[in-house]
1. Output the 0 to 90 degree angle, nearest 10, between the alpha-carbon long axis of helix 58-67 and the longest principal axis computed from the alpha carbons of the chain.
2. Tell me the angle of helix 12-27 to the major Cα principal axis of the chain, expressed in degrees between 0 and 90 and rounded to the nearest ten.
3. Roughly how many nanometres apart are two label points built 7 Å out from the Cα toward the Cβ at residue 53 and residue 73?
4. Of the chain, which part is the longest with no trypsin sites (Lys or Arg not before Pro) in a loop (DSSP not H, G, I, E, B) and with at most 12 other C-beta atoms within 10 angstrom?
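Please treat every number below as a calculation from the coordinates, not as lab data. Owing to the predicted nature of the structure, the values given are computational and were not obtained by experimental measurement. All Cβ positions, glycine included, derive from the backbone under ideal geometry; neighbour counts span all protein chains shown.
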Amino acid sequence: EARRGPKPQHKPGYRQLCQLLREMREAAGLSQRDLAKKMRMSPSQVAKCELGSRRIDPLEFKRWCVQCGTDPAEAIQKV
């Protein structure tokens, strides 16, 4: 079986996105539990997004930004 390389969520660009998610949450003064409530997710889903073991889709990314008081367009430029 041929190897396809690292999964997309483990590539450097995706790791940057995960770091950004955590930084936005922390800058907003939110715990993982607080953000999970706002996002209607479990705290473990928030943690997995920040660690890169769960991918975040574009609409979730937008909601994450809004809940953290960040402009999604500005946030995505940082990645």
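1. Roughly 30 degrees between the two axes.
2. It works out to around 10 degrees.
3. In this crude label model, residue 53 to residue 73 measures out at 3.6 nm.
4. Looking at the chain, 41-77 is the longest stretch - no exposed trypsin sites (Lys or Arg not before Pro) with at most 12 other Cβ atoms within 10 Å.
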